[in-house]
1. In terms of the ratio Rg/(2.2 N^0.38 Å) built on C-alpha atoms, what value belongs to the protein assembly as shown?
2. Mean separation of Cα pairs under 8 Å and 6+ residues apart, divided by the residue count of chain B: what relative contact order is that in percent?
3. Could you identify which residue out of A:ILE12, A:ILE254, A:ILE231 has the top mean-square fluctuation in a GNM of chain A using Cα springs shorter than 10 Å?
4. What is the average number of partner chain Cβ atoms found within 10 Å of a Cβ in A:74-81?
5. If packing is taken as the average number of other Cβ atoms within 10 Å across a peptide's residues, how do B:119-126, A:276-283 rank, most packed first?
6. Given N residues in segment A:317-402, what is Rg(Cα) / (2.2 N^0.38 Å)?
7. Assuming R0 = 22 Å, can you tell me the calculated FRET efficiency for the pair A:ASP289 and A:ASP69, based on Cβ-Cβ distance, to the nearest 0.05?
8. Quick check: pseudo-label points 7 Å beyond the Cα along Cα→Cβ at B:LYS345 and A:ALA161, how many nm apart are they?
Number of protein chains: 2
Amino acid sequence: MPIARDLSAKSIFSDRISDVPKSFIREILKVAVDPSVISFAGGLPNRKLFPVAEIKQAANRVLDEYGRDVLQYSNTEGFPELRKYISRRYREKQNLQIPVDNILITNGSQQGLDLLGKVLLNQMDEAVIEEPGYLGAIQAFSVYRASFQPVPVSEEGMEIARLQAVMSQGAPKLIYTVPNFQNPSGISYSDANRLAVADLVRNTSTLLIEDDPYGDLQFEGVKKTSFKKLIPENTILLGSFSKTVVPSFRLGWIAAPDQILEKLVIAKQAADLHTNNFAQYVIFRYIKDNDFNGHISKIVAVYRNQRNAMIESLRQYFPPEIKYTKPEGGMFLWVTLPRQMSSMKLFEIAIKDKVAFVPGHPFYVNKKEVNTLRLNFSCVDEETIRIGINRLGQAIKQLLTA
Amino acid sequence: MPIARDLSAKSIFSDRISDVPKSFIREILKVAVDPSVISFAGGLPNRKLFPVAEIKQAANRVLDEYGRDVLQYSNTEGFPELRKYISRRYREKQNLQIPVDNILITNGSQQGLDLLGKVLLNQMDEAVIEEPGYLGAIQAFSVYRASFQPVPVSEEGMEIARLQAVMSQGAPKLIYTVPNFQNPSGISYSDANRLAVADLVRNTSTLLIEDDPYGDLQFEGVKKTSFKKLIPENTILLGSFSKTVVPSFRLGWIAAPDQILEKLVIAKQAADLHTNNFAQYVIFRYIKDNDFNGHISKIVAVYRNQRNAMIESLRQYFPPEIKYTKPEGGMFLWVTLPRQMSSMKLFEIAIKDKVAFVPGHPFYVNKKEVNTLRLNFSCVDEETIRIGINRLGQAIKQLLTA
């Protein structure tokens, strides 16, 4: 006879799922929906910039021309024309040679991270993660029970001494990086830092994941060198249309060496067969029929102004001992409070004053209480940024004198 | 110094990915694209029945009314109105009470299988699988290194004695079933069989996955009782719009008990954040603005006629010793050749005679050479079915006399 066991018992679940941190940000966002709250908490692109009319036109054209074809099951690798476009764009924009066959379309970059964890990570395999690092990557690799090796990042990039120490203990399975306008901190790796990281990784078995969802959102300066250029055999590049077209379509991609891509395709097939084919056609058609680079320039202009407004307001309203990054692109900046100050305590005061942000701790793999926080500048207009940062400055002053 | 290792070495990959069978069907389908080949190999719904104009209308209405909202990031659980509709439909069609909060929208049912494997299966956990069983489930659970326990199915349903023997060795983690018009065999579990299976599972910790992508495609008879009705606490129900609307949108769902759904949401968030929100709105709008049940009736009428044509042709053209199932719905039937005959050998002859099918072995977890094969009747019109089955009958006769 089967043994009766309580269905609610922990034992019905896999060990891996118990290791995954719940998204603290989801909880934060629930608080921030109150319309009187000015929220710097979200991680969203600005909806005012979505090309709704152009997407509609593209959807109609795709259905008129390819109706039944685009609605049928499709291949796991993705729509060939879209993959060709991605390959061509890498060549034209970054002088990167990435054959079409090395590109797999995914349900957003997040699926790329899940598939990479799936095909690469055995339990307790070492994964270097930026500190602070992208929460979605921490979640994705936690599922596969990675042993995280945090390496601090600053406005220069990765802390080379720390990375060297980690590498000297044996090559980790992977290094996860967001070298351009990082989430959460907004920092970018300098070219010198990239070279130093590449020198440590070259000729090892370590794979470097270069997650680049924000690379096109560059406000100033020149484009820095991709790791794919420096250490092509070790680099897996992730990209996304979520920040440059729309996020809802869940369209991203992985560019990886042959053998890795082959395994990723097997994993993708088992995970969901393929990505929405209609969405792939619509995005491709949108790009083909419109001035995509012009659209990106518009996004960049708006976000640049909003970043400027935020930096100016921080200078004006924050006590001088508060440090913050000055991102050259992207959607976020990172604030460091005095050492003893808890960003969670600040959050509790700030939310009463109707301003929200994300306290820093979910971006670390092993910290519960930190003095850092993330501010988003992509979704809030300049005037509202000034009001919100003023409120936040008041909250900080209140906590400083408490 | 890091140890230089060969990047092509097997060691860079996780153990789990080496266990996943490559899709044999993908290879078969490559052969079958030759337009002179009559293919019963595909597993696709009939594209002629896709409601292209209605989908276009729905897409336009959604973009006109909710433009920016539907293009933004969205919540992991899925579009609330669509989940409400699914809940209501279960109540109206099957008298099943499934609260909206117990429904999670997934990227097709395949993602449901991946998420279930992820949250439930530790390495070597036992998973009962139908023999023959759905290839996609075998792939999805292989990723999580399940120990498969095959239980034969016939036109009655699961072999109860075998299931009882498996259960008596300790409750397996899960039982995967497609009780209505199964892929690959077309069989359905009788009500008596469902009761017997339910009796074995009730009051154990085993979870029964009831995958029901074909349930609406019923040609005759009355709807049989869902396991969700018989053993609600143990049953996880999977559904899909791929066979009733369009597959490209990758829209399915999981209905699961509270605690399991909570874990699935965490896993889904780490896997891809959420399902394409635009696609969810469009499907909901399509259903709301059109006679969805009338559309399903049209599909049923076409598939019923094609099944009839196939059964008649099998009777006419196949030697009498060849056995086959008589499905009451769905898209497939299952042929059993004489014991010594290899369906792979038959495939080699048949493809020269310009007719294709799927040899049975990928639907078993541990067999390389079998005397069974799958025929699809949803994609081929009646006249072509007659020609194709005639060709296949000739190939069988050729092999019988070889």
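No value in this document is a laboratory result; all are computed from the given coordinates. Everything quoted here is computed from the prediction, not taken from an experiment. Cβ placement follows ideal geometry from the backbone for every residue including glycine, while neighbour counts extend to all protein chains displayed.
1. The reported ratio for this selection is 0.98.
2. Numbers: 715 pairs, mean separation 90.2, N = 402.
That works out to 22 percent.
3. A:ILE12
4. Numbers: counts 3, 2, 2, 0, 0, 0, 0, 0.
What the average comes to for A:74-81 is 1.
5. Details: B:119-126: 18.9, A:276-283: 26.5.
Highest mean packing first, the order is A:276-283, B:119-126.
6. Values: Rg = 12.4 Å, N = 86, 2.2 N^0.38 = 12.0 Å.
Relative to the 2.2 N^0.38 Å estimate, segment A:317-402 comes out at 1.04.
7. Numbers: r = 18 Å, r/R0 = 0.83.
Working from the Cβ atoms, E equals 0.75.
8. So the label points at B:LYS345 and A:ALA161 sit 7.3 nm apart.
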